[in-house]
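Working notes for the structure below.
Any read-out appearing in this document is the output of simple, stated calculations on the displayed coordinates, not a laboratory observation. What you see is a predicted model; the values in this text were computed from it and never measured. A quick note on method: Cβ atoms are made from the backbone with ideal geometry, for glycine too, and the neighbour counts reach across all protein chains shown.
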Amino acid sequence: MKFKLTEMTLKEVRDFGKVEVCVLPWGSCEPHNLHLPYGTDTLTVEKIAEISCKKANEKGGKVILLPTIPVGVNSNHFGFPLVLNFSPTTQLTILKDIIYSLEKSQIYKLVILNGHGGNEFKTFCRELFGKTRVYIFLIDWWNVRRDIVERVCEDKTGEHGHEEETSWALYLFPELVHLDWADEGKVNEPKLKGIKEGWVWIVRPWTLFTINSGYGNPKKANSEKGKVMIEGATDKIADFLVELSNVEIDEKFPY
Ligand SMILES: [Zn+2]
């Protein structure tokens, strides 16, 4: 049974029956060091969503995969060519329209599968809470199985185009990865002590923070590591989707 809305006809949507859960993957368009494509977050989160929904539907879930939003919040990457940015307020407007569309189809369980660190949806969930019948469930997918990441990655530093993310890409879309082009992902230290120690937060301008937009050394990445991390995360996401699909939303939900 098909579950990817962009590839379904009206007949297939009708044959699917009652939809319990919709999954909305949300990516970004930004450089990732010299070796990964601009769409890395988008391509990764879409495939994570697809694998998770497939596993969930095979276990009896009634889960539809919505189209991936390919642009995220990236004002901190301006200065690199062709960075595309949605302001957070734009994201909120898009999210509201998606929710309104789901309400029209009497679908009240929405899972946002986030693929980009700059996309921060919690504030939006608080903004929309109580104003819609749609429940929003937020997953930053890379946080789902940190235990596996800690076990398989040799270089645990970094957060962008690093060993972890490059391994995902080598597993999911190896034809777009050029690992031999990568720099070592070294970053510059800020002047102020509080920022260096991590307890003062700022929006980091990545043209000054990084050399070529990468943070973390990707050289030890490989597809086997990517496979272990991704299969582990998608197993867990799929189990949640099945559980969510089967649960009834009443006035006491989720207790
Ligand atoms: Zn990324």
Considering the dipole of segment 18-242 built from charges on the beta carbon (Lys and Arg +1, Asp and Glu -1) around the Cα centre, which of TRP168, PRO88, ILE148 is farthest to its positive end?
PRO88
Cross-link partners of LYS4 among aspartates and glutamates (Cα-Cα below 16 Å; sequence separation of 8 or more within a chain)
GLU12, ASP15, GLU20, GLU46, GLU50, GLU58
Antiparallel content of DSSP bridges confined to segment 18-242, in %, to 5:
20 percent
By the DSSP-based rule, helices of the chain that are at least 20 Å long along the axis (C-alpha) and have a mean Kyte score of at least -1.0 are 40-58, 88-104, 223-246
With just the Cα atoms defining each centre, how far is segment 1-70 from segment 146-196? Give it in Å.
24 Å
Quick query: amide H of ASN74 versus all other amide H atoms, modeled in the peptide plane; which residues come in under 5 Å with a sequence gap of 5 or more or a different chain?
PHE86
How much FRET efficiency would the formula 1/(1 + (r/R0)^6) give for ARG133 and HIS178, where r is the Cβ-Cβ distance and R0 is 35 Å, rounded to 0.05?
0.15
Using only the alpha-carbon atoms of the chain, report the extent along each of the three principal axes, biggest first, to the nearest angstrom.
53, 37, 34
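Excluding GLY72 itself, what net charge comes from residues whose Cβ is under 11 Å from its Cβ, given Lys and Arg +1 and Asp and Glu -1? Working shown, then result.
Details: positive: none; negative: GLU30, ASP41, GLU120.
Here the charged neighbours net out to -3.
Could you list SER101, SER223 so that the one with the fewest beta carbons within 10 Å of its beta carbon is first and the one with the most is last? Mind showing how you got there, number by number?
Values: SER101 13, SER223 17.
So the residues, fewest neighbours to most, are SER101, SER223.
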With the crude spin-label approximation of a point 7 Å out along Cα→Cβ, what separation in nm comes out for ILE195 versus PHE253?
4.4 nm
Straight-line reach check, LYS2, cutoff 27 Å on alpha carbons, 8 or more apart in-chain or any other chain, hits among lysines -> LYS11, LYS18, LYS47, LYS54, LYS55, LYS59, LYS62, LYS96, LYS104, LYS109, LYS227, LYS236
For SER105 paired with LYS2, estimate the spin-label separation in nm (one decimal), with each label point 7 Å from Cα along the Cα-to-Cβ line.
1.3 nm
